[in-house]
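The structure appears below as structure tokens.
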Amino acid sequence: AMTTIFYTEPELVIGHGRRVLFVNPDDLQLFKEIELPPDLLATCGGAGGVGGGGVGGGSAAKATRPAEEQQEQQDVAAVAQAAAAGPSTKHQASCSSNSGGAVASTCKVQEVHIQNVSYSPDGQLLAITTSGGQKALLLYRSRPEHARLLSVRPLARTSSALRFCSDGSSVLVTDKTGDLYQYDCVEVELAPRLLLGHLSIVYDILWTDDQQHIITCDRDDKIRVTNYPATFDIHSYCLGHKEFVSGLALLTEHHIASTSGDKTLRIWNFSEGKELLVHELPAPVVRLHVRELEEEKVFQAAVLFYDHEEALGIYRLERSNGDRWAVTGTRLVRADAGSWNICNFTLTDDRIYVSGAEKDRFALRVYDLATGERSTAGVPQGWIKMVLDGLGSEGVPFVPEDLSVWFKKRFDNVSDYLERKKRRIEEQQQQKFG
């Protein structure tokens, strides 16, 4: 299972299980919450505004059409989706029934989990992808409304990354086979457009502010820069990593940062495919967060290490002139590594929020950014309990994603062959002279 956590002032956004919470990290204020609709199949399809959704404490969204017309459209969409998905899904769709004009599902659906959550740059839209029994892309109007569900669109496969364009008019979704689709956020009834494909899973996406380039990274060590909208035309590659590329961050209009399972943090001029900096790290990296401290000059790069005694690394990146970059500060944070299974994190101005699993249950811990120690100063009493209760995680088993599968398995058949050959020659010599 996945957990999403990120900070966009003033909200700390936490997605886990079937819920997303938008909380104030400084007090017990809950800005809003989203709960997935009980049956995404019955909500998929239609012209954008179809369906309900547990929004703001699980209340259903208001219908935008007369009840009979809405029910008919949902039934048609569900059956059509089921026909494409196979017999088991067909059974789920046939279980839907209408009770007093309201949609009611009378059958159990497979467990569904939130996979990715992302805000549009202006904060007006929120996109959520799901995994499990029903894979979908949900689009919400987050402001000024209290998270109103706009559309639910089915996904063929589980998503691996999610990114809005700079004006919020469309969103990119990659799946675990390496395909990248564009979904329209204005005309939501339009079919998704396949833009490009990788031969392995894509772990992160960037879309430049001028919308001229889409930058993707994958399990096969590559960073690809693709022209947009002519996505058949590859602009450049940024090659040099020796393991999966886990994260990307846009620094300036020509520079990006990347992290990898090869224990390096690198900076590139992506326009030219030129490597500008290689900084050795103590362990493979599986998560990357970058914050701009001084416009286009100073950045803070925070990483989550894989299986290391120090869970987090925080690095200060400085650009002195043109393409000259340097790491001018380093701090490692243990975050109680080894005592629990850490899976994600985010930063605010003075704290680090870390999520993971403790005794097979979802857990959340807060650390001081300056000292790296467990933080109590400024964290309201009962805040963590409020979040865990809001996510409904109490007593629910949680097993984080197994990140060991990100590493490529390497097989050395040559050594085994040479050893057998050596033994065969020795046996032949013994027979010849014996």
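Label zone (E394, point 7 Å along Cα-to-C-beta; backbone nitrogen cut-off 16 Å) within the range 334-365: 361-364. A Förster radius of 60 Å, combined with the Cβ-Cβ distance separating R193 from K432, puts the computed FRET efficiency at roughly 0.30. Roughly how far apart, in whole Å, are the Cα centres of the range 175-189 and the range 271-345? Spelled out, the Cα-based centre of one part sits 30 Å from the other. Averaging the Cα positions of each part gives two centres, and for the range 159-173 and the range 377-421 these lie 25 Å apart.
Carbon and sulfur together cover what percent of the accessible area of the range 167-295 at a 1.4 Å probe radius? Of the solvent-accessible surface of the range 167-295, carbon and sulfur hold 48 percent. Computed FRET efficiency, Cβ-Cβ of R423 and I234, R0 60 Å: what is it to the nearest 0.05? Approximately 0.80, to the nearest 0.05.
The distance between label points at A326 and K408 comes to 3.4 nm (points 7 Å beyond Cα on the Cα→Cβ vector). Within the same chain, lysines fewer than 8 places from K135 are excluded, and of the rest, those with a Cα less than 16 Å from its Cα are K90, K108, K176. Applying the Karplus relation 6.51 cos²θ - 1.76 cosθ + 1.60 with θ = phi - 60° to the range 295-303 yields 3J(HN,Hα) values of 3, 6, 10, 10, 9, 10, 10, 10, 10 Hz, where x marks Gly and Pro. Measuring nothing but alpha carbons in the range 256-308 and taking Rh as the Kirkwood radius, the Rg to Rh ratio lands at 0.99. Measuring only protein heavy atoms, the 1.4 Å probe finds K409 accessible over about 140 Å². Available extension along the chain between K359 and R157 is 69.7 nm, counting 0.36 nm per residue and deducting the alpha carbon span. Under 18 Å of direct C-alpha separation, and excluding same-chain neighbours fewer than eight residues apart, K274 reaches these lysines: K222, K242.
The values are calculated or read from the model by the stated rules, or taken from the named source; none is laboratory data. Since this is a predicted model, take the numbers as computed values, not measurements. Positions of Cβ are backbone-derived with ideal geometry, glycine not excepted, and every protein chain shown enters the neighbour counts. In case anyone asks, the SASA skips ligands and DNA or RNA and just uses the protein heavy atoms, side chains included. Shrake-Rupley method; radii C 1.70, N 1.55, O 1.52, S 1.80 Å.
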